[in-house]
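Structure first, commentary second.
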Amino acid sequence: MLIVTLAFFVLMVIGMPVAFAIGISGALFFLQQPALPFTIPVQRTVSQTQNFALLAIPLFIMAGSLANRSGITQRLLALASVITGRLRGGLAQVTIALSAMMGGVSGSAIADAAMQSRMLGGEMLRRNLARGFATAILGFSALITPIVPPGIGMVLFGSVGQVSVGRLFAGGIVPALLLWLAFSLTVSLIARRRGYPPERSSRLPRGEAGKALRGGIWALLFPVLLLVGLRSGVFTPSEIGAFAVAYVALVGFLVHREMNARSGAEAIEASLADVGAVMLLIALSAIFSYGIVMERLPEAISGAIVGQTQSLIGVELLILAFVLVIGFFVDATVLIIMLAPIFLPVVQNLDGDPVHFGIVFIVAATIGNFTPPVGAAMYAVCTIMKCPVEEYTRGAVPFFIAAVAVIVLLVLVPEIVLFLPDAIFGR
Amino acid sequence: TGAAAQEDFTLRFNHVLGPNEPFHQGFLQWAENVEKRTDGHLTIDVFHSAQLGVEEDIIEQIRQGANIGQNTDAARLGNYVPGISVINGPYFIESMADVDKLNDAATMQAWQQQLADDYGLQVVCFDWVQGKRHFFTNQEIHAPADLKGVRVRTPPAPIWQESIRALGAAPVAMDFGDVYSGLQSRAIDGAELVYPNITAGGLGEVLDYTIETGHITLVNFQVVSASWFAGLPEEYQRILVEECRTAGQEASRRMEAAASEAKAQLQEDGMTVITDIDREAFRKAGEQAYEALGLSDAKQRLAEEIGK
Amino acid sequence: MHALVRAGIRAETWAAGILLVAMVALVLLGGVARFLHVPLNWTIDMATCAFAWATFLCADIAWRRGALMSVDLFTRTLPVRAQRGLLLFNYLLIALFLVFLVVAGFWLSWTSWARSFRGIPWISYSWVTLSLPVGGVLMLITTGFKVRRQLRAEPFASEGGDTPC
Ligand code: NA
Ligand code: NA
């Protein structure tokens, strides 16, 4: 895997498109393994497109594109400007709030970030937010989604670590709100320092606000109705993207009457390149992760951590720091499957609570999707926002720090995670 | 051990179960015993939770001769040699004793030969019994008629769906990861699984009733590449098979114990277990699955050979 | 550009768009049918099949429109001639990689014809696998056009494509 990693960096440096850099360097692993069939890279690439959970990604990109033509985005923006108009960096606050609301709906950080980049990204740039800052918050705010129930990461952790999924669902809620608060404060601080002006300096006349609220009702109902559909069993988390597309299109055609067959087709046409760029990267990265899994790299290194200290907090902080570092290169799903069964018993031996550890572990692992040099969600937002990775990275540092601060707080005060599940399910 | 033992062999063994499942411990036991008996010349590296890839992909890699193994079931092997899928049919194989007899059945041996010769798939052993599958629902069920319109999650393969349809329910193909929230939101009304699946997935939180139908006994197969297997010294081949059977039988017993434990745990947590069901009606209904799948002849032949 | 090429691009765009819309329609139909207690399981099968084809057709569209992102932090500091040299070198590597995907993809589709698609006996999984080598051929053609444009372009003009900012 050393050659693979080295090749990946060299290819990145010479300006190779990231998707190909990941695919080509990953394929080098198979050159060193003559015993393995040479068709595995093809098979794994195709296999990614047979994963029903990933199907939500193209659908949410389409939904974002259609929202722009169906009048939903414009009305949402008008409404947002009424609510957050006096806040600095208003739209950045909107994307955080939207992720917290949409989290329970899409459950997929990549799908959520991609859709919101499509919907809000252009307008954020028009309002003179720096590209790196806008792209970073569009990405990092989606970190909230996997811990708002029913996130797929929690189901995964629950089954790998034999932890109650219901308790995990309940345990995610307060940390999600905490992440919202942390990101929101970070945005305010940055906006103040950079002098992003509020959109308005004075109160709106009452009529304006009412008008915006009435206009925005269908946009506001979007996450609400999807959530209702999900909770009432009309559809499952994996299917939700299709319902998002249908809702946005129906509102555009029938309610706002701003969309016709032609503009609908144009919206879909405009999403094709984004779908291709994001999905090609995700598909090809399956080649890259194969070697990491087969050589059990994270497992091998994790052995060194276990036994470094006997204090629960010390062990948890070490584990999470390790997960953050490995997460630079490895996808969250792989991290959860490989490392949860190793670390959970260690934590439990020191009387750590599995639900508490699960939530902080999922957040730490998911951060990996947003950090360079390998991060599917990061490349998804950067592609749609046409933002260079280095600009994104500079913009992301404050949000990375904010997220880590939340993780540390959760480790130090487990009750923040646990009081809700304890209240609902008993201790 | 013998003089042939110069060369070293490695088998990477993949399975979809979690690391806490009794079968994972069983695979590790198999690996340990084989390594010990071959003085470390044949090692098995076990990967849980489908880390190396989805089952169907791995089976194709095995067919191409990779030194990879996979724990799989009769339904998937039936994609290559259709007759084998009868083992996965309703109310046919019902105990470990049945599986033992299956090992000596001529038809079964012919199918295995065909898998190896025509498709490059070597069955090492199939003494791994995951246990009886039951219906787990949110409503009381006593007979096939009660299952009408009840949406039950099944693995996404026609053989499963046909079996569940024959028993009266409406089969829903769904990823296992969606089952918890699917049950919670009532997108589905139930699932059909073995007891330890329910506790492992925390599904007891969103399910009220167990209907102890025992409609399918899930038998697992350990499959490796036929060409890789042929390349092993004969002694190693024998050790690999023997230890597979020993570890499998032990894991099956542990699985049985785990099922009782899981059942007790679920009952303690408030699950109602329904045992007064019309077993004859379920059995009769199950027959339709074999007809729908064109497997009636294969079933009858195999049934005669194992004396059922 | 030849009329033929333009027609091909149009056909590819339409096909990709129709596949995406079909995915939405199939998933919706499956959800509604299940809600009405008459689950239709083939909808998921068809949707994931469409997903594979949509992915690799869209990948070619993204490649052609320059939507695949890359890091130009280092290359943009180089002299123009060196930039062009590196770009052509990248195209060469990509072409080699695509040739590998195409050859291995067709070979896999051919040799694993017996593998059924989601357990459906009369549909081969190779119909899914084929999406990658076919998409690979299209991306190879696109790469060819990119190389030709670079060789012809005088003086060097960044495509703006492979480095989106
Ligand atoms: Na967001
Ligand atoms: Na990363």
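General observations
- Candidates A:VAL42, A:VAL82, A:VAL46: the one that is more than 24 Å from the chain's Cα centre (by Cα) and open to solvent by less than 10 Å² (accessible area, probe 1.4 Å) is A:VAL42.
- Cβ pairs under 6 Å, 6+ apart, first in the stretch C:120-134 and at the interface with chain A (Cβ under 10 Å from one of its Cβ atoms), second part of a strand (DSSP E or B): C:TYR125/C:PHE117
- Answer from A:GLY264, A:GLY252 - the residue that is touching a residue at least 40 places away in the same chain (Cβ under 8 Å), more than 10 Å from chain C (Cβ to nearest Cβ) and either out of contact with any Cys (no Cβ under 9 Å at 6 or more places or on another chain) or in a helix (DSSP H, G or I) (or both): A:GLY252
- On inspection, A:GLN93 fails the criterion of being in contact with a Ser or Thr (Cβ under 6 Å, 6 or more places away or on another chain) and closer than 23 Å to A:LEU272 by Cβ.
- Scanning the stretch A:1-27 for residues that are without any contact (Cβ under 8 Å) to a residue 40 or more places away in the chain, in a helix (DSSP H, G or I) and either among the aromatic types (Phe, Trp, Tyr) or crowded, with 20+ Cβ neighbours inside 10 Å (or both) gives A:LEU11, A:ALA21, A:ILE24.
- Residue that is farthest from A:VAL18 (Cα to Cα) [pool: residues in the stretch C:55-97 that are assigned to a loop (DSSP other than H, G, I, E, B) and out of contact with any Pro (no Cβ under 8 Å at 6 or more places or on another chain)]: C:PRO79
- Residue identified as touching a residue at least 40 places away in the same chain (Cβ under 8 Å) and within 16 Å of ligand 2 (Cβ to nearest atom) among A:ALA134, A:ALA109: A:ALA109
- A:ILE217, sole failed condition from (1) open to solvent by 30 Å² or more (accessible area, probe 1.4 Å); (2) modelled with pLDDT of 90 or more; (3) not aromatic (Phe, Trp, Tyr): (2)
- Wholly within the stretch A:310-427, helices (runs of 4 or more DSSP H) carrying at least 3 residues that are touching a Pro at 6+ places or on another chain (Cβ under 8 Å) and away from ligand 1 (no atom under 16 Å from the Cβ): A:332-349, A:354-367, A:389-412
- Taking the listed residues A:LEU129, A:LEU156, A:LEU168, the one that is open to solvent by 20 Å² or more (accessible area, probe 1.4 Å) and either of a type in the set (A, V, I, L, M) or within 16 Å of ligand 1 (Cβ to nearest atom) (or both) is A:LEU156, with no other qualifying.
- Annotation: A:GLN43 fulfils all but one of (1) at the interface with chain C (Cβ under 10 Å from one of its Cβ atoms); (2) without any contact (Cβ under 8 Å) to a residue 12 or more places away in the chain; (3) not in a helix (DSSP H, G or I); the unmet one is (3).
- Qualifying positions in the stretch C:19-41 - open to solvent by 30 Å² or more (accessible area, probe 1.4 Å), free of Cβ contacts under 8 Å to residues at least 24 places away in the same chain, more than 7 Å from chain A (Cβ to nearest Cβ) and in a helix (DSSP H, G or I): C:ALA25, C:LEU29, C:VAL32
- Residue within the stretch A:298-308 that is within 16 Å of ligand 2 (Cβ to nearest atom), surrounded by 17 or more Cβ atoms within 10 Å (Cβ to Cβ) and part of a helix (DSSP H, G or I) present: yes
- Within the stretch B:34-46, considering residues that are closer than 17 Å to B:VAL224 by Cβ and surrounded by fewer than 18 Cβ atoms within 10 Å (Cβ to Cβ), the one farthest from the other protein chains (Cβ to nearest Cβ): B:GLU35
- Residue within the stretch A:47-59 that is within 21 Å of A:CYS387 (Cβ to Cβ) and among the hydrophobic types (A, V, I, L, M, F, W, C) present: yes
- Here A:GLN48 meets each of (1) at the interface with another protein chain (Cβ under 7 Å from one of its Cβ atoms); (2) modelled with pLDDT of 90 or more; (3) over 21 Å from A:HIS256 (Cβ atoms) with one exception, condition (1).
- Filtering the stretch B:57-70 to residues that are open to solvent by 10 Å² or more (accessible area, probe 1.4 Å) and among the polar types (S, T, N, Q) leaves B:GLN64, B:ASN67.
- Any hit, the stretch B:75-88, residues being touching a residue at least 24 places away in the same chain (Cβ under 8 Å), within 14 Å of chain A (Cβ to nearest Cβ) and not hydroxyl-bearing (Ser, Thr, Tyr): no
- As a summary of the residue check, A:ILE287 satisfies the conditions (1) open to solvent by 10 Å² or more (accessible area, probe 1.4 Å); (2) touching a residue at least 12 places away in the same chain (Cβ under 8 Å); (3) more than 15 Å from ligand 2 (Cβ to nearest atom) except for the one numbered (1).
- Some residue of the stretch A:344-358 being surrounded by fewer than 18 Cβ atoms within 10 Å (Cβ to Cβ), within 11 Å of another protein chain (Cβ to nearest Cβ) and more than 16 Å from ligand 2 (Cβ to nearest atom): yes
- The residue list B:ASP39, B:ASP57 contains one member that is of a type outside the set (Val, Ile, Thr) and part of a loop (DSSP other than H, G, I, E, B), which is B:ASP39.
- The listed residues are C:PHE56, C:PHE51, C:PHE74, and the only one of them that is open to solvent by less than 10 Å² (accessible area, probe 1.4 Å) and at the interface with chain A (Cβ under 7 Å from one of its Cβ atoms) turns out to be C:PHE51.
- Residue, surrounded by the fewest Cβ atoms within 10 Å (Cβ to Cβ), within the stretch B:274-308, restricted to residues that are under 17 Å from B:GLY214 (Cβ atoms) and touching an Asp or Glu at 6+ places or on another chain (Cβ under 6 Å): B:THR275
- Top-ranked residue of the stretch A:85-98 - restricted to ones that are touching a residue at least 60 places away in the same chain (Cβ under 8 Å) and assigned to a helix (DSSP H, G or I), ranked as farthest from ligand 1 (Cβ to nearest atom): A:GLY90
The values are calculated or read from the model by the stated rules, or taken from the named source; none is laboratory data. Keep in mind it's a predicted model, so treat the numbers as computed, not measured. Don't worry about glycine lacking a Cβ; one is built from the backbone with ideal geometry, like all the others, and counts go over all protein chains shown. Ligands, DNA and RNA are stripped out before the accessible areas are found, and what is left, the full protein with its side chains, is counted by its heavy atoms. Shrake-Rupley method; radii C 1.70, N 1.55, O 1.52, S 1.80 Å.
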